[in-house]
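Student: Sharing a structure below in structure tokens format, with a few things to ask.
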Amino acid sequence: MSTQTKPRKRAPLSTAQLEKRQVLTQTFPNTGKVRVSQCAAFLGIGESTFWSLVKAGRIEQPMRFGKRLSVWDAAYIQHLAKQGIPHSLGE
């Protein structure tokens, strides 16, 4: 008896979603602060996946401004893109 689960089939990204991801990636800053949508697009993952990686401790916690604004350092996100997302923050 196998306990493996089937991979979840995902709907393909719409043209609008692909264009938004491309624009966010092309306009990513070298310095400053960036929001979750920019981070996720630059890393080529979805926002939910990005937040899951933050919760799992694989991506640093954001700087928070109030209850609704979370930002990361652009240089840190570029470092993640070059080096890869670690299995834990200690790596």
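Student: Restricting the search to region 65-91, which residues are in a helix (DSSP H, G or I), of a type in the set (G, A, S) and free of Cβ contacts under 8 Å to residues at least 24 places away in the same chain?
Tutor: Listed by number, the list is empty, since nothing qualifies.
Student: Is it true that some residue in region 16-25 is among the hydrophobic types (A, V, I, L, M, F, W, C), under 12 Å from I77 (Cβ atoms) and either out of contact with any helix residue (DSSP H, G or I) (no Cβ under 6 Å at 6 or more places or on another chain) or at pLDDT 95 or above (or both)?
Tutor: No, region 16-25 contains no residue that is among the hydrophobic types (A, V, I, L, M, F, W, C), under 12 Å from I77 (Cβ atoms) and either out of contact with any helix residue (DSSP H, G or I) (no Cβ under 6 Å at 6 or more places or on another chain) or at pLDDT 95 or above (or both).
Student: Still on this structure: Within the bounds of region 53-76, is there any residue that is surrounded by 13 or more Cβ atoms within 10 Å (Cβ to Cβ), under 9 Å from the mean Cα position of the chain (by Cα) and not aliphatic (A, V, I, L, M)?
Tutor: For region 53-76, residues surrounded by 13 or more Cβ atoms within 10 Å (Cβ to Cβ), under 9 Å from the mean Cα position of the chain (by Cα) and not aliphatic (A, V, I, L, M): absent.
Student: Specify the residue that is farthest from C39 (Cα to Cα); the eligible residues are those in region 77-91 that are loosely packed, with under 13 Cβ neighbours inside 10 Å and of a type in the set (G, A, S).
Tutor: G90
The values are calculated or read from the model by the stated rules, or taken from the named source; none is laboratory data. Bear in mind the structure is a predicted one, so any value in this text is a computation, not a measurement. Because the Cβ atoms are built from the backbone with ideal geometry, glycine has one as well, and the counts that use them run over all protein chains shown.
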